[in-house]
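Enquirer: Okay, handing you the structure first.
The values are calculated or read from the model by the stated rules, or taken from the named source; none is laboratory data. All values derive from a computational prediction rather than experimental measurement. Cβ placement follows ideal geometry from the backbone for every residue including glycine, while neighbour counts extend to all protein chains displayed. Only protein heavy atoms, including side chains, enter the accessible area calculation; ligands, DNA and RNA are left aside. Shrake-Rupley method; radii C 1.70, N 1.55, O 1.52, S 1.80 Å.
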There are 2 protein chains.
Amino acid sequence: MTSQHPFDPLTGKEIQLAAEILRKHHANPTDILFRAITLSEPPKAAMIPFLDQEHAGEHPKPPARVARILAHVNGAFTEFKVKLDKDSQGVISEKPLPGRHSHIDGAYMRRAEQACLADPGVQEQVAALKLPKGATVVAEPWSYGTDGMNDMSQLVTMCWFYMRMTEDPDANYYAYPLDLCVKMSHDLRVVKILHLPSGNQHDRVTESTATGERSTTTSKEYDHRKLHTGSEYYPTLNNLPPPRTTTQPYHVTQPHGPSFVVDGHKIAWEKWHFRVGFNYREGMTLHDIRFDGRSLFYRLSLAEMFVPYGDPRTPYPRKAAFDLGNDGAGLCANSLALGCDCLGCIKYFDGWLVGGPSGLPLKVPNVICCHEIDDGILWKHTNFRTGNAAVTRSRVLVLQTVITASNYEYIFCFYFGQDASLHYEVRATGILSTAPVDLDAHGRNISVPYGTTVAPGVLAPFHQHLFCLRIDPAVDGHANSLLVHESHALPADDPTAPDPALAQNNPHGVGYVTTQQYVEDETGLDLDFTTNRTFTIVNEARRHPFTGTPVGFRLMPWYSQTLLAQPGSWHAKRAEFARHAVWLTRYPHGSSSDNHDDERDELDEMFPAGRFTMQSAGGEGIASWIEGRKKQKKQEEDGQESTEKEEKGNARNTDIVVWHTFGSTHNPRAEDWPVMPVEKMVVGLKPVNFFERNPALDVPVATQERNRSVLVDDADASGMREGDNGKGKECCV
Amino acid sequence: MTSQHPFDPLTGKEIQLAAEILRKHHANPTDILFRAITLSEPPKAAMIPFLDQEHAGEHPKPPARVARILAHVNGAFTEFKVKLDKDSQGVISEKPLPGRHSHIDGAYMRRAEQACLADPGVQEQVAALKLPKGATVVAEPWSYGTDGMNDMSQLVTMCWFYMRMTEDPDANYYAYPLDLCVKMSHDLRVVKILHLPSGNQHDRVTESTATGERSTTTSKEYDHRKLHTGSEYYPTLNNLPPPRTTTQPYHVTQPHGPSFVVDGHKIAWEKWHFRVGFNYREGMTLHDIRFDGRSLFYRLSLAEMFVPYGDPRTPYPRKAAFDLGNDGAGLCANSLALGCDCLGCIKYFDGWLVGGPSGLPLKVPNVICCHEIDDGILWKHTNFRTGNAAVTRSRVLVLQTVITASNYEYIFCFYFGQDASLHYEVRATGILSTAPVDLDAHGRNISVPYGTTVAPGVLAPFHQHLFCLRIDPAVDGHANSLLVHESHALPADDPTAPDPALAQNNPHGVGYVTTQQYVEDETGLDLDFTTNRTFTIVNEARRHPFTGTPVGFRLMPWYSQTLLAQPGSWHAKRAEFARHAVWLTRYPHGSSSDNHDDERDELDEMFPAGRFTMQSAGGEGIASWIEGRKKQKKQEEDGQESTEKEEKGNARNTDIVVWHTFGSTHNPRAEDWPVMPVEKMVVGLKPVNFFERNPALDVPVATQERNRSVLVDDADASGMREGDNGKGKECCV
């Protein structure tokens, strides 16, 4: 196993070995139901010297390979760490997780659906719906968004009901949401059947807090006027518009192969060097990201996302998905298809997961694709005196992964630029989650203030997508600070001012300056484009030779609304990261550096809504970490009266983590139905006075000889062309 | 000439004819110095029925072709309109423009530089600089930003001084800004020599208001420690870093040709139909933009841009460029080069301008390129029950033009999406405008609060780029309204509230709703992402069949700071559009419809800083139009006491124009030097409940058979692959 780099995900063999070790460790191996086996990343304190030595060309001894296992052992949800070193195989930690719930997965969802549809009470309610002939009922399980009205100690699952009107299982059943909702216990018994609000009155469905209660209300009969066409997307189905034939083929070729070099999980491209990782929860991760030999980031990952729905009517407030914590971006990752998800010269990375409760490794092919794109002009200047132009084209390296979270798809991409810019893009696509809505006497959808009616009887409720990008910087080293700049107009000169400075500095009223402020302590921060507020991660100890300012990398945020749910709501308590757009925390280093079983776990403070989000009760997210340390510090200060107060909460010149919460308030459009064209959100990271000059200055100028483009003749027969054949200059220089 | 569409730019022959007509019209043709000959677009009131008939398959008689001519006739700056109809050739209007100044162009700049360098006083000051041996002095003329301290009736030009240290005229002379600045009269006499502030004190250069005064201060000697390497970008120069050799070729081919069809200036692509135009001022324009046969926009163009510099020290407040009004985006347009500016299968459009004072037509080849790009995934869904995915790729049509405004480049692109989205992107690149800065005793740049010191002795001052996109909508017709939506949390339930509604609607505190408000009157509006404020152009008379709401197109703004200069400053007075991010005005229809010489000119209210920006005094921009109409309305109302008040200012259900001001507060980075990697700004327009459903639903799913991508094998020799050859599924369905 020593050929693996410490950041490499577990291989299939390692997963197999980890499962074997745990089985040996326990008397009765049949009682172990594996949920996840994943790399326990070595402590950062151990990795920093390792990476330093590695980049110095040495061959340091890597930290031990350790697997983290989540499993139900004799029914108890437990976390283990297992050392994979052949000489000292064994379980090195075992941590019971009482009151915590595992993520759900496809196998669980299938069992839940089957149990739900087999329930006589559900069948009775379905019969009462009097569905059209040929209808096939579909029940779709969802994790249960905590509402404080029910015991959270047992796993609860919701099932939402739909139907399809064709035999084809790829029919879009979200086009027919039914007036049914079922709550299931952890052992998949139906404990409650609810009916859904579908009128335009605030027709809340009341519900007692007692569990096990069975509703006796009868389903409202299905309104057959809701049957419609136009809601299918899958190409083999009937009733689809004929595909357009106008789009001509478009091929990308790289006759000498791609510009990147991949060695295992290490990628070198242009001046970039980094490692790509993959785990069941975050999906794609990036590690040890360097440009031109200089360190930029220790780790980049999407750390969590929250999708709360805005319909306040019971039971909709439970629709609130933590797609990473509850479902796992890695578990939901698509196997990408050549020529479909990816165009050009494509390198794929496979992902390894646990294939089922037995702990067998499962390879998911092609979970990440790596390829290049051309992104237009990178820089250009024409000297107007000579007419000579120099132009370079922007080549970009893309790392893409796509996940399916039930109805929805997310496309996550990192874009590496030749100018040392790095962009993270989320594209939202897939199918809107739907709910039933009544028709009026004329067969038209009634109007509901909480969503958009996108087809007859189909309400697409308002919701938010709130992503949290975790940026663990290493800007020329690990002692970093966060610097906030704003641009402010100078006051207009006032000749009557007693202060001569005010009367003289800005005679024409056009001057402006920047203010700068270090963020001294851990906190949440907000965006403000009106002051051109920017957030730059700097290394105060390294100064730029010309600007004299600390070298830095700037966050180019995506401007979007933060969480709309009330501060006191369960949504707000559970998704603390959604309160602010930018967060600064200290990296929570443990006391010892290279020890896997000390109190500190390397997943501490990795996930801004907490490690276990399934039916979480809040209080474990990023705001709570900060608040906890503030309290602790105050207690310590109170305890050591009149001694010098330590700056323990100080978040300057230290190992910091910066988090960016962004997303969209998605009030659906009719155009998002039946399948949604991608909505893009883009976050950037750019060097600011980090490099001596433009790091893309050495990109060779573009030439036609190299780029072999083709001129298109047009159908213009007006004879207006005079003397020139319309051909462009072949190259710039 | 009847083969031209009314929106087609003037051809070379038409320009020639227009000049001939004007020369015949005047007794002494040698006294005519042509500045511009461009299409006078037919009145909108005439074009609307014309387009309706045209799209109905009829062959309406086009309005007469009319040329607009700007010329100095016997020294007087005058505007003419000239009818190009052969039967009735003649000047149809002649409008003297006293106190107005023409745009400047390359020929004028060359003459200004020559006159400046030939001036004995300038030569004396240059000698006093004691420049290094081998230095070549460069003087760069700039239009004069009004400062209220000088008479504006005569054209004034500034010259800034630089040097280059090599024979190569493509050397980057901006790397050596000199301590000199010259003010020149309209007849190119040097009227003042100024020295520049270059210390970190607020060392304002005082200046009397008298014109013609010659400064006698001697130049500060050039500090030879400022000589440096690393500021060149042009590939033939020495001292450049060797170009990187890592970037492998990347070819785009379309074996069946592109998907667009071009007929003259008409472009048909996928479901889009529109016409592309070009004129000396706005450069690229778009006309009569339709999707799937439905009208969206009458006209789209960049209407103005303003680049004010933030250094308050005299004479820098004069650095404030209206790059369209003063220089002309068309006049500054690059001839794009195949394989350099454009990759793939490229269709070029040529531009026609006036080649010089004699009025000869000048063809500028390839001012606009048209081509397709692949933009990744357009929509995707995987049915998790069947594992079947449908994925489409996003093909995008790009129209690109690039302009050079002295040191700077702007790349302007329209991106047409298959999903009926339309994006407008600006990329800023080129070379920063520079100013001298002193070195300290250690040879380091001193710190100046108004800019970034990017190389020894080189200050790159803070500045803003403020663009104004003019959106003349025709959303299913010309009677449109502007609708502002916001997303707001419902109040949390309060069980103690006397109003039962408050106590019951939002029990879990998670609900939110949208508010909507029509903009009733012409006004300027601001962005607010914290409320998810959106701006949608709607047709109130057309309702969506499922949502029941008016069909609309939404502006996806670019969030950026508005003008930093003080409200009372000349900058603010001259660039009124820069005060707000969104403006709504009524289209200023004239009283008669098809008459070129009525009081209404079709350029009225086309340019949000006014038609003549050169040394403009303000009061002619978008805010003034609105204010003027408000005053007029009030006077009319006051005049007709107690009769019913007309809703004359009402901007609903009428022909409206929406303007979006966006850009960047550009506080330069060291990485922007010596040539700047593109900074992108993107504005979007998207259908919102305009189409019945996803207008890209009929895009065929992607297949490897069609897209012919290639798998890259990696150097991974770890043997971890098990049983799978790593090949992706060949296609999705």
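Enquirer: Could you grab me the full set of residues in the range A:281-313 that are within 14 Å of another protein chain (Cβ to nearest Cβ), in a strand (DSSP E or B) and buried (at least 23 other Cβ atoms within 10 Å of the Cβ)?
Expert: A:F291, A:L296, A:F306, A:V307, A:P308, A:Y309
Quick grid of which residues meet (1) modelled with pLDDT of 95 or more; (2) under 30 Å from A:P461 (Cβ atoms); (3) open to solvent by less than 20 Å² (accessible area, probe 1.4 Å):
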| position | (1), (2), (3) |
| --- | --- |
| A:D672 | yes, yes, yes |
| A:V675 | yes, yes, yes |
| A:G684 | yes, no, yes |
| A:P687 | yes, no, yes |
| A:V699 | yes, no, yes |
| A:E722 | no, no, no |
| A:V733 | no, no, no |
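Enquirer: Here's a follow-up. Looking at (1) buried (at least 24 other Cβ atoms within 10 Å of the Cβ); (2) of a type in the set (S, T, N, Q); (3) more than 10 Å from every other protein chain (Cβ to nearest Cβ), which one does B:T496 not meet, given that it meets all the others?
Expert: (1)
Enquirer: I'd like the residue in the range A:415-429 that is of a type in the set (S, T, Y) and not in a loop (DSSP other than H, G, I, E, B) and, out of all such residues, is nearest to the other protein chains (Cβ to nearest Cβ).
Expert: So in the range A:415-429, the residues of a type in the set (S, T, Y) come out as A:415, A:421, A:424, A:429.
Subset that is not in a loop (DSSP other than H, G, I, E, B): A:415, A:424, A:429.
Details: A:Y415: 10, A:Y424: 14, A:T429: 5 Å.
Among those that are of a type in the set (S, T, Y) and not in a loop (DSSP other than H, G, I, E, B), it is A:T429.
Enquirer: Separate question: Kindly check whether there is at least one residue in the range B:70-85 that is in a helix (DSSP H, G or I), open to solvent by 70 Å² or more (accessible area, probe 1.4 Å) and not charged (D, E, K, R). Reasoning before the result, please.
Expert: Taking the range B:70-85 as the starting set, the residues that turn out to be in a helix (DSSP H, G or I) are none.
Scanning the range B:70-85 turns up no residue that is in a helix (DSSP H, G or I), open to solvent by 70 Å² or more (accessible area, probe 1.4 Å) and not charged (D, E, K, R).
Enquirer: Only one of (1) touching a His at 6+ places or on another chain (Cβ under 9 Å); (2) buried (at least 16 other Cβ atoms within 10 Å of the Cβ); (3) touching a residue at least 24 places away in the same chain (Cβ under 8 Å) is not met by A:G90, so which one is it?
Expert: Among (1) touching a His at 6+ places or on another chain (Cβ under 9 Å); (2) buried (at least 16 other Cβ atoms within 10 Å of the Cβ); (3) touching a residue at least 24 places away in the same chain (Cβ under 8 Å), the lone unmet condition for A:G90 is (2).
Enquirer: Would you mind telling me which numbered condition in (1) touching a Leu at 6+ places or on another chain (Cβ under 6 Å); (2) at pLDDT below 95; (3) more than 10 Å from chain B (Cβ to nearest Cβ) A:E522 fails?
Expert: Result: A:E522 fails condition (2) only.
Enquirer: Kindly evaluate A:Q4 against the criterion of being out of contact with any helix residue (DSSP H, G or I) (no Cβ under 8 Å at 6 or more places or on another chain) and either free of Cβ contacts under 8 Å to residues at least 12 places away in the same chain or of a type in the set (S, T, N, Q) (or both).
Expert: On the way: out of contact with any helix residue (DSSP H, G or I) (no Cβ under 8 Å at 6 or more places or on another chain): no; either free of Cβ contacts under 8 Å to residues at least 12 places away in the same chain or of a type in the set (S, T, N, Q) (or both): yes.
No; evaluated as a whole, the condition is false for this residue.
Enquirer: Follow-up. Can you name the residue in the range B:435-472 that is within 12 Å of chain A (Cβ to nearest Cβ) and out of contact with any strand residue (DSSP E or B) (no Cβ under 9 Å at 6 or more places or on another chain) and, of all such residues, is most open to solvent (accessible area, probe 1.4 Å)?
Expert: B:H442
Enquirer: Mind checking which residues of the range B:25-61 are open to solvent by 20 Å² or more (accessible area, probe 1.4 Å), touching a residue at least 60 places away in the same chain (Cβ under 8 Å) and charged (D, E, K, R)?
Expert: Answer for the range B:25-61, where residues must be open to solvent by 20 Å² or more (accessible area, probe 1.4 Å), touching a residue at least 60 places away in the same chain (Cβ under 8 Å) and charged (D, E, K, R): B:R35, B:E41.
Enquirer: Here's a follow-up. Would you check which residues across the range A:372-392 are open to solvent by less than 20 Å² (accessible area, probe 1.4 Å) and of a type outside the set (S, T, Y) and list them?
Expert: A:E372, A:G376, A:I377, A:L378, A:W379, A:K380, A:H381, A:N383, A:A389, A:A390, A:V391
Enquirer: If you don't mind, there's one more thing I want to ask. Being open to solvent by 10 Å² or more (accessible area, probe 1.4 Å) and either modelled with pLDDT of 95 or more or assigned to a loop (DSSP other than H, G, I, E, B) (or both) narrows it down to one of A:E644, A:E637, so name that one. Reasoning before the result, please.
Expert: Details: A:E637 fails: either modelled with pLDDT of 95 or more or assigned to a loop (DSSP other than H, G, I, E, B) (or both).
Step by step, each of A:E644, A:E637 is checked, and only A:E644 is open to solvent by 10 Å² or more (accessible area, probe 1.4 Å) and either modelled with pLDDT of 95 or more or assigned to a loop (DSSP other than H, G, I, E, B) (or both).
Enquirer: I need the full set of residues from the range A:335-357 which are farther than 26 Å from B:R708 by Cβ and polar (S, T, N, Q), in order please.
Expert: Answer for the range A:335-357, where residues must be farther than 26 Å from B:R708 by Cβ and polar (S, T, N, Q): there is none.
Enquirer: Exactly one condition in (1) more than 9 Å from chain A (Cβ to nearest Cβ); (2) out of contact with any helix residue (DSSP H, G or I) (no Cβ under 7 Å at 6 or more places or on another chain); (3) open to solvent by less than 10 Å² (accessible area, probe 1.4 Å) is false for B:L432; which is it?
Expert: The number of the failed condition is (2).
Enquirer: How about the range A:129-196: which strands (runs of 3 or more DSSP E) wholly inside it have at least 3 residues that are in contact with a Pro (Cβ under 9 Å, 6 or more places away or on another chain) and open to solvent by less than 10 Å² (accessible area, probe 1.4 Å)? So that I can check it myself, show each step before the final result.
Expert: Values: elements: A:136-143, A:157-164, A:177-184, A:190-194.
Answer list for the range A:129-196: A:157-164, A:177-184.
Enquirer: Could you check the range A:516-571 and list, in sequence order, the residues that are of a type in the set (S, T, N, Q), open to solvent by 60 Å² or more (accessible area, probe 1.4 Å) and in contact (Cβ under 8 Å) with a residue 12 or more places away in the chain? Even if it seems obvious, please write down each step before you answer.
Expert: To start, the set of residues in the range A:516-571 that are of a type in the set (S, T, N, Q) comprises A:516-517, A:523, A:530-532, A:534, A:536, A:539, A:547, A:549, A:560-562, A:566, A:569.
Retained after the next criterion (residues that are open to solvent by 60 Å² or more (accessible area, probe 1.4 Å)): A:516-517, A:530.
Within the range A:516-571, A:Q516, A:Q517 meet the criteria.
Enquirer: Within the range B:217-240, track down each residue that is under 19 Å from B:D672 (Cα atoms), among the hydroxyl-bearing types (S, T, Y) and without any contact (Cβ under 8 Å) to a residue 40 or more places away in the chain.
Expert: B:T229
Enquirer: Within the range A:88-139, which residues are among the hydroxyl-bearing types (S, T, Y) and within 28 Å of A:A405 (Cα to Cα)? Quick ask: steps written out before the conclusion?
Expert: First, the residues of the range A:88-139 that are among the hydroxyl-bearing types (S, T, Y): A:88, A:93, A:102, A:108, A:136.
Result: A:S102, A:Y108, A:T136.
Enquirer: Follow-up. Go through (1) within 14 Å of chain A (Cβ to nearest Cβ); (2) assigned to a strand (DSSP E or B) for B:G618 and report which single condition fails.
Expert: So the condition that B:G618 fails would be (2).
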